[in-house]
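J.: Dumping the structure here so I can ask a few things about it.
Every number in this text was worked out from the coordinates using simple rules, so none of it is lab data. None of the values given here were measured: they were computed from a predicted structure. Because the Cβ atoms are built from the backbone with ideal geometry, glycine has one as well, and the counts that use them run over all protein chains shown.
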There are 4 protein chains.
Amino acid sequence: MKSMQELKKQVAQANVDLVKYGLVTLTWGNVSGIDRDEGLVVIKPSGVDYKTMSAEDMVIVDMKGKVIEGKWKPSSDTATHLELYKAFKNIGGVTHTHSTYATIFCQAGIEIPCYGTTHADHFDGTIPLTRFLTEQEVDEAYEKYTGKIIIERFKDLDPIATPGVLVWGHAPFCWGKSAEDSVKNSLVLERVAQMAYATRHLNSDSNPLPDYILRKHFNRKHGPNAYYGQK
Amino acid sequence: MKSMQELKKQVAQANVDLVKYGLVTLTWGNVSGIDRDEGLVVIKPSGVDYKTMSAEDMVIVDMKGKVIEGKWKPSSDTATHLELYKAFKNIGGVTHTHSTYATIFCQAGIEIPCYGTTHADHFDGTIPLTRFLTEQEVDEAYEKYTGKIIIERFKDLDPIATPGVLVWGHAPFCWGKSAEDSVKNSLVLERVAQMAYATRHLNSDSNPLPDYILRKHFNRKHGPNAYYGQK
Amino acid sequence: MKSMQELKKQVAQANVDLVKYGLVTLTWGNVSGIDRDEGLVVIKPSGVDYKTMSAEDMVIVDMKGKVIEGKWKPSSDTATHLELYKAFKNIGGVTHTHSTYATIFCQAGIEIPCYGTTHADHFDGTIPLTRFLTEQEVDEAYEKYTGKIIIERFKDLDPIATPGVLVWGHAPFCWGKSAEDSVKNSLVLERVAQMAYATRHLNSDSNPLPDYILRKHFNRKHGPNAYYGQK
Amino acid sequence: MKSMQELKKQVAQANVDLVKYGLVTLTWGNVSGIDRDEGLVVIKPSGVDYKTMSAEDMVIVDMKGKVIEGKWKPSSDTATHLELYKAFKNIGGVTHTHSTYATIFCQAGIEIPCYGTTHADHFDGTIPLTRFLTEQEVDEAYEKYTGKIIIERFKDLDPIATPGVLVWGHAPFCWGKSAEDSVKNSLVLERVAQMAYATRHLNSDSNPLPDYILRKHFNRKHGPNAYYGQK
């Protein structure tokens, strides 16, 4: 379980980074990471202050949500994280926040079109919105069905190319190849949401970016011919 | 009076936290806490800088507003705090700020509907707005009547489930089970107000959250079956 | 000239406070203070970085703008400050900034109505807007006439009760009983402007605060019966 | 190559200043500087964290983009910088950011009129917008043509008097007499864009600043009769 110790450190750091990036108020956010070989998920404890949080506070749960290790209760959103890990086989980390502008799109029930290259660098097109949960789903298993309506919305979408979603009436979830990567995608989503909000105000006839520029930018950073960065 | 010393420390810290959370400019805010057994309230002094403020600067008043201990004059809003403590028997702390977005709703004379789960996690529905004070009320006892129009607005509301209010033309008051808790509710109100402001801009047809989701979220954190956090 | 040394320290500190309060970008702001007995004004040097600024960098000018002491050129806006000191006999300090929201009202050519008590606590009613300078005034003596159109606008206003103004197409000037006080009024103006901007967006039918509440709040902090603060 | 060492330090510092001024998120920005005598450009490496960046991380390229010195790959936007240096003979530094409000104007496809003196102090009139790249240009040499459409837009404009541009659907580029100067112009553009955005919201009939005031302000800081600052 040496790798689990490393994962706990990464997940604790990723949770603390939410504060550094201005993505959370009080304890409104949680990050997890998965060890696919062990079949175990490391997640933030529920309602604990980020300021005093360390690797030792992280909770290890199995894929059914049973606590394997940890002195705290896991995040109340754990069941949502688990659904995402089960459906999206290539992701290594999940982040949930109530970051201001992404949440505003969730509240207004509006998807985020790709208005510029900042968006295209990280999300391959529109950032999708789920439907509302039904009353029966809420009653039966609220957090689990929150995962299920996300997965339903991704029926025809690639979660790697679109690493985040807006849950209607609630807030965003993002993911990535690691816990750290899912936090960065949450930060990108927040900036992209802020700019989309103001773009629509400035010009209500704003058009999405032409598709050939979207493709170019996304592929500069992703896929086989990426040439951004040092790799 | 040992517990009063502890309360003075808590109230001083809660006042300083207003600055940490970005809820005040200059000296525009005040927090108090009550000792129900002693029948005494600890409150911030009027117009004193938060930077140099300590427990020793706090003022102790009785339920009629008479200064029992303290080297400074109490907050000019003391009479409003006292009215709230007398009417809302289960609260332990009161916070008044002019935080930006909550104050904007006060100035615009608009209540804050529950547009999402961030709101539902802390306020059980619409955040209410008082009426304006009449000229006679202003002349007679401005701060006391500010408390009275809040209480009037809560005639059919539970102050525990709705721990804050917008005073028309003025600014918000929040409360909670302690001074610290009332500050946290003030922070939540500010974030919720900012998101409600932008939600309405983004989509002028935005609907409030379906009631069964509101209920679910509020009850995750409050009431007998709460399962958020470590308790 | 002992008092001049003290004034230089106060004015240097007041200029540095512009940065602390988030009122300036780069070197876009300047504060001065006057010694009425000496008939001398201490003002910030032109285009010097706030980070390295101390009392020794301040420039002393006489009421005609002649440099009496100092190693730098005075602020390019010195002539505006001098006009204000000559016309408004009871002020001790002047601040000019391009703070974001106050400047937006200047650019939009709109005065700031009193929408709430935050405004009423510091400005006794609408914050006025000057006219544009004429081409001849600009050619002849730009900075001096900037002062003159402010004074023209205050023909029927009391500069003590309304300690600031919006210069159309330009930015705000504020004043007060000292350099420090003029900076505080600039901060209040910025907050009030931000809230007025958003209040109008939230509700385009927003009404100014009823006059009897405006009067009450202004007089809580100002005038013979003031009872806010410790004096 | 002693001067190149100095230039590397300046360019590294200018890149770090992007963070200080709040102009970048993650690694979304790059600054370069040119040594006209050597015919060499120093530029930020691609995708490297600003926090750990020093002069030793800078990359030296020749005017064809060939790496002359450096352990990293140069910024993916290097070809754009080179086009600008070749066309605008008097500039010494170039900055590219995705700063929030300037990018919003790029996304909305709207030029920034001069609404006030803050703008006029630094940009001699409207801040121009390029056209979109064609699909063929994107396919052939995306970054090089980004430079070319900027230059095309400046056919009748002086790049010294208008030290920045909005690339439609993308983000701004600014330049100046040095790397540091190009960063300052990027900061000014961001502030000016934020104020223009809100000015249009506050008053949709806002007019540009009268030309004689624009001229006066631009010439206070620029040109033969400038009298702002200490030179």
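J.: Just counting partner chain Cβ atoms within 10 Å, what average do the residues of peptide A:110-118 show around their Cβ? Let's see the in-between values first.
T.: Details: counts 4, 0, 0, 0, 2, 7, 11, 9, 10.
Mean number of neighbouring Cβ atoms from other chains: 5.
J.: Right, another one. Once label points are set 7 Å from the Cα along Cα→Cβ at both A:LYS221 and D:TYR227, what is their separation, rounded to one decimal in nm?
T.: Result for the modelled spin labels: 4.9 nm.
J.: Within the stretch D:138-182, list the residues whose amide N lies under 18 Å from a label point set 7 Å along Cα→Cβ of D:VAL19.
T.: D:180
J.: Is the stretch A:113-231 rounded, prolate or oblate when judged by the Cα gyration tensor, a ≥ b ≥ c being the square roots of its eigenvalues, rounded requiring a/c under 1.5 and prolate requiring a/b larger than b/c? Walk me through the intermediate numbers first.
T.: Working: a/c = 2.19, a/b = 1.43, b/c = 1.52.
It comes out oblate by the Cα gyration axes.
J.: Right, another one. Evaluate the charge dipole of the protein assembly as shown about its Cα centre and quote only its size in Debye, nearest 20, assuming +1 on the Cβ of each Lys and Arg and -1 on the Cβ of each Asp and Glu. All intermediate terms of the calculation are to be shown ahead of the outcome.
T.: Working: 108 positive and 112 negative charges, 252 e Å.
With Lys and Arg at +1 and Asp and Glu at -1, about 1220 debye.
J.: Okay, moving on. What is the minimum Cβ-to-axis distance for chain D, in whole Å, where the axis maps D onto C, and to which residue does it belong?
T.: Nearest residue, distance rounded to whole Å: D:HIS201, 5.
J.: If you place +1 on the Cβ of every Lys and Arg, -1 on the Cβ of every Asp and Glu, and leave all else neutral, what size is the dipole of chain D about its Cα centre, to the nearest 20 Debye? Could you put the intermediate results ahead of the total?
T.: Details: 27 positive and 28 negative charges, 115 e Å.
So the dipole magnitude of chain D works out to roughly 560 debye.
J.: Determine, from the Cβ-Cβ distance of B:LYS144 and B:ARG36 and an R0 of 22 Å, the FRET efficiency 1/(1 + (r/R0)^6), rounded to the nearest 0.05.
T.: On the way: r = 21 Å, r/R0 = 0.93.
Approximately 0.60, to the nearest 0.05.
J.: What residue among B:ASP181, B:ASP139, B:ASP211 has the largest mean-square fluctuation in a Gaussian network model of chain B, using Cα springs under 10 Å?
T.: B:ASP139
J.: Could you tell me which of A:HIS96, A:GLY70, A:PRO128 has its Cα farthest along the dipole of the stretch A:64-128 towards the positive end, charges placed at Cβ (Lys, Arg +1; Asp, Glu -1), taken about the Cα centre?
T.: Farthest along the dipole direction, towards plus: A:GLY70.
J.: Now for a different question. Would you mind checking which residues have amide H under 5 Å from D:ILE68's amide H? H placed 1.01 Å from N; only 5 or more apart, or other chain.
T.: Here D:ILE60, D:VAL61, D:ASP62 satisfy the definition.
J.: Additional query: To the nearest 10 degrees, how steeply does helix A:78-87 sit against the main Cα axis of chain A, on a 0 to 90 scale?
T.: 60 degrees
J.: Another question, then. Quick check: pseudo-label points 7 Å beyond the Cα along Cα→Cβ at C:LYS51 and C:TYR212, how many nm apart are they?
T.: Rounded to a tenth, the inter-label distance reads 5.5 nm.
J.: Oh, and also: Along its three principal axes, how long is the stretch C:39-186 when you only count alpha carbons? Whole Å, largest extent first please.
T.: Cα extents, longest axis first: 45, 35, 28 Å.
J.: Continuing with the same structure: List the aspartates and glutamates whose Cα lies under 15 Å from the Cα of B:LYS216, skipping any in the same chain that are fewer than 8 positions away.
T.: Partners within reach: A:ASP77, A:GLU135, A:GLU137, A:ASP139, A:GLU140, A:GLU143, B:ASP121, B:ASP124.
J.: Assuming a ≥ b ≥ c are the square roots of the Cα gyration tensor eigenvalues, decide whether the stretch A:1-108 counts as rounded (a/c under 1.5), prolate (otherwise, with a/b larger than b/c) or oblate. Don't skip to the answer; put the middle values down first.
T.: Values: a/c = 1.84, a/b = 1.32, b/c = 1.40.
Since a/c reaches 1.5 but b/c is at least a/b, the shape of the stretch A:1-108 is classed as oblate.
J.: Let me ask something else about it. Suppose every K and R has +1 on its Cβ and every D and E has -1 on its Cβ; what is the size of the dipole of the stretch B:61-163 about the Cα centre, in Debye to the nearest 20? Can you show the working numbers first?
T.: On the way: 11 positive and 15 negative charges, 66 e Å.
That gives a dipole near 320 debye.
J.: Next up: Label the protein assembly as shown by shape, choosing from rounded, prolate and oblate, from the square roots a ≥ b ≥ c of the eigenvalues of the Cα gyration tensor; if a/c is under 1.5 it is rounded, and otherwise prolate applies when a/b is larger than b/c, oblate when it is not. Walk me through the numbers before you get to the answer.
T.: Details: a/c = 1.76, a/b = 1.00, b/c = 1.76.
It comes out oblate by the Cα gyration axes.
J.: Now a separate question. Filter the cross-link list B:LYS64/B:LYS86; C:LYS144/D:LYS221; A:LYS44/A:LYS66; B:LYS66/B:LYS144; D:LYS20/D:LYS73; C:LYS9/D:LYS20 down to pairs whose alpha-carbon distance in this structure exceeds 20 Å. Show your work: numbers first, answer last.
T.: Working: B:LYS64/B:LYS86 10 Å; C:LYS144/D:LYS221 18 Å; A:LYS44/A:LYS66 14 Å; B:LYS66/B:LYS144 14 Å; D:LYS20/D:LYS73 24 Å; C:LYS9/D:LYS20 27 Å.
Listed pairs above 20 Å: D:LYS20/D:LYS73; C:LYS9/D:LYS20.
J.: Still on this structure, please answer the following. With r as the distance between the Cβ atoms of B:THR126 and B:LYS177 and R0 = 22 Å, compute the FRET efficiency 1/(1 + (r/R0)^6) and round to 0.05.
T.: Numbers: r = 22 Å, r/R0 = 0.99.
Taking R0 as 22 Å, the efficiency between B:LYS177 and B:THR126 is 0.50.
J.: Per the helix-only calculation at 222 nm, which mean residue ellipticity applies to the protein assembly as shown, given -39500 (n - 2.57) for every DSSP H run of n ≥ 4 and division by its residues, nearest 500 deg cm²/dmol? It would help to have the intermediate numbers written out before the result.
T.: On the way: 28 runs with 384 residues, N = 924.
Only helices count here, giving -13500 deg cm²/dmol.
J.: Could you give the length gained by full extension between D:LYS9 and D:VAL67, i.e. 0.36 nm per residue of separation minus their alpha carbon distance, to one decimal place?
T.: 19.1 nm
J.: Shortest first and in nm with one decimal, please list how far the A:LYS177 label point sits from its counterparts in the other copies (point 7 Å along Cα→Cβ).
T.: The answer, with the shortest distance listed first, is 4.6, 4.6, 6.5 nm.
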